[in-house]
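Undergrad: Got a structure here, written out as structure tokens. Questions coming.
The values are calculated or read from the model by the stated rules, or taken from the named source; none is laboratory data. Small disclaimer: the values here were computed from a predicted structure and weren't measured. Note: ideal-geometry Cβ built from the backbone for every residue, glycine included; neighbour counts use all protein chains shown.
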Amino acid sequence: MTYQQILLQRSGAVARVTLNRPDRLNALTRDLLGELAAALDEVAADRALRVCVLTGAGRAFSAGHDLTDPGVFESPAMARAALDRDYAPVVRKLTQLEIPVLAAVNGVAAGAGCSLALACDLAVAANSASFLQAFARIGLAPDAGSTYFLPRRIGQARALGMTLLAEPLPAPRAAEWGLIWQAVPDAEFPAAIDALAQRLAEAPTRALALAKRALAASSANNLDQQLALEAELQALAAGTADFREGMAAFLAKRPAKFDGH
Ligand code: T3D
């Protein structure tokens, strides 16, 4: 499939999806979200891919929904439909991919752009990037999963502060708060992303997918349920070739070479 508003590139086992409307700060449109959903399906179907990087072209990650996108803000019903139809599938696909998803936050992530970054498993940002719950600035309520991810990552007090005050949170503070994994100096950002993506691409992919499932279920489960889920998932991990390789490598005192199976 060819895309107009995103790029999908493959390099070895690494997929890189780039939101590609740099002159609009990668503001999200219905078409872009449709392309993003299709690209995530392509990534999910390609068993050679072992990590997916989501980033933005130019100086922003994404400025959130394009405020000039026709057919979205013209009526309350349209605004609601856009969330169900365009956003929810993308947020679900990001969280449900069976490979790690890395948000490479190159610049501002605002509104639903911030939500997309938070839907990824790991977020690494350039120091100059920022996270902005822009919704209240224009009289909207937060959406696209932001009220799910924010309090779970940073707690209710900080989630409320970010949301009600709608002030940009600089990347270094976002890392301090636990909103993201890491903030790195701008000059080191591209290399840091490449190195992390490569490291994840060489990890035991199925074990990482099972770990994602366990952690995703955790907040809705009690301890007994979570212990049972862990046992169920561990039985799957223990049956993988990568587990056999990990054990063999440990016993032979050599680095493991995982192939993702
Ligand atoms: O159904 C639904 O509810 C839909 C879902 C909605 C979820 C949402 O995401 S709502 C929130 C939408 N986003 C925003 O409100 C953020 C709007 N943008 C900004 O506040 C600022 O642009 C930023 C803080 C992100 C960056 O500021 P700055 O000063 O670095 O850049 P700028 O000069 O404001 O923007 C550069 C250009 O991008 C500018 O266009 P110009 O003047 O060069 O022609 C600006 O208009 C354009 N732009 C920025 N954000 C958007 C946008 N155009 C359309 N939509 C945008 N969201």
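Undergrad: Only one of these is modelled with pLDDT of 95 or more and surrounded by fewer than 17 Cβ atoms within 10 Å (Cβ to Cβ): N106, N127. Name it. Break it down stepwise before answering.
TA: On the way: N106 fails: surrounded by fewer than 17 Cβ atoms within 10 Å (Cβ to Cβ).
Checking each option against the conditions leaves just N127.
Undergrad: I'm trying to understand the selection: among the residues of the range 129-167, which are farther than 21 Å from R92 by Cα, more than 19 Å from the chain's Cα centre (by Cα) and not in a helix (DSSP H, G or I)?
TA: G139, L140, A166, E167
Undergrad: Still on this structure: Sort through P172, P100, P142, P89 and tell me the only one that's out of contact with any Gly (no Cβ under 6 Å at 6 or more places or on another chain) and over 29 Å from A44 (Cβ atoms).
TA: On the way: P100 fails: over 29 Å from A44 (Cβ atoms); P142 fails: over 29 Å from A44 (Cβ atoms); P89 fails: over 29 Å from A44 (Cβ atoms).
P172 is the lone residue from the list that is out of contact with any Gly (no Cβ under 6 Å at 6 or more places or on another chain) and over 29 Å from A44 (Cβ atoms).
Undergrad: Which residue pairs have Cβ atoms closer than 6 Å, lie 6 or more positions apart in sequence or on different chains, and pair a first residue in the range 1-17 that is closer than 17 Å to A203 by Cβ with a second residue that is assigned to a strand (DSSP E or B) and of a type outside the set (V, I, T)?
TA: A15/C52
Undergrad: Go through the range 64-112 and count every residue that is within 30 Å of R206 (Cα to Cα) and near the ligand (Cβ under 7 Å from one of its atoms).
TA: 2
Undergrad: Would you mind finding the one in A187, A197 that is of a type in the set (G, A, S), more than 19 Å from L215 (Cα to Cα) and surrounded by 16 or more Cβ atoms within 10 Å (Cβ to Cβ)?
TA: Values: A187 fails: surrounded by 16 or more Cβ atoms within 10 Å (Cβ to Cβ).
Result: A197 is the single residue among A187, A197 that is of a type in the set (G, A, S), more than 19 Å from L215 (Cα to Cα) and surrounded by 16 or more Cβ atoms within 10 Å (Cβ to Cβ).
Undergrad: Also: Looking at the range 167-189, is at least one residue aliphatic (A, V, I, L, M) and under 19 Å from I99 (Cα atoms)? Even if it seems obvious, please write down each step before you answer.
TA: Quick first cut of the range 167-189, residues aliphatic (A, V, I, L, M) only: 169, 171, 174-175, 179-180, 183-184, 187.
Filter again for under 19 Å from I99 (Cα atoms), leaving 180.
Taking every residue of the range 167-189 in turn, at least one turns out to be aliphatic (A, V, I, L, M) and under 19 Å from I99 (Cα atoms).
Undergrad: Further, regarding this structure: Could you name every one of the helices (runs of 4 or more DSSP H) located completely within the range 73-121 that has at least 3 residues being touching a residue at least 60 places away in the same chain (Cβ under 8 Å)?
TA: On the way: elements: 76-82, 88-96, 112-119.
Output list reads 112-119.
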